[in-house]
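Laboratory data are not the source of any read-out in this text; all were calculated from the coordinates shown. Remember, predicted model here, so these are calculated numbers, not experimental data. Using ideal geometry, Cβ is built from the backbone for each residue, glycine included, and neighbour counts are taken over all protein chains shown.
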Amino acid sequence: MQSFPCPFCGPRPEPEFLFVTEMGKTRPEPAAEVSAPVWAAYLHDVKNIKGEVAEVWQHLPCGQLYLMRRDTTTMAVLGVQSFRKGGAA
Ligand SMILES: [Zn+2]
């Protein structure tokens, strides 16, 4: 079983984590004028890039969201970073 690092809890088993989204998505605006297909694409479409990616993940036991960079071809985790100001790594 693969292990992912949580910046707050350390290495934990992969089933404890939830993929949230890819980094770099831009919310369509103004929200009141966005069509349903455009909104659905924003929420659900992912590029599914082969290689190095930056993604938002959540560690479910602690509930924290953070940035994880990983390589989708090797499954190697390249780094994690908290979104908290002055928080953990
Ligand atoms: Zn955690």
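Summarising the label geometry, the points placed 7 Å from Cα in the beta-carbon direction at Thr74 and Ala40 lie 3.9 nm from one another.
Applying 1/(1 + (r/R0)^6) with r as the Cβ-Cβ distance of Gln81 and Lys47 and R0 = 30 angstrom yields a FRET efficiency of 0.90.
Neighbour counts of other C-beta atoms within 10 Å: give me Trp39, Trp57 arranged from fewest to most.
Going from least to most buried by this count: Trp39, Trp57.
The smallest convex shape that holds all Cα atoms of the chain, its convex hull, gives 116 Å³ per residue.
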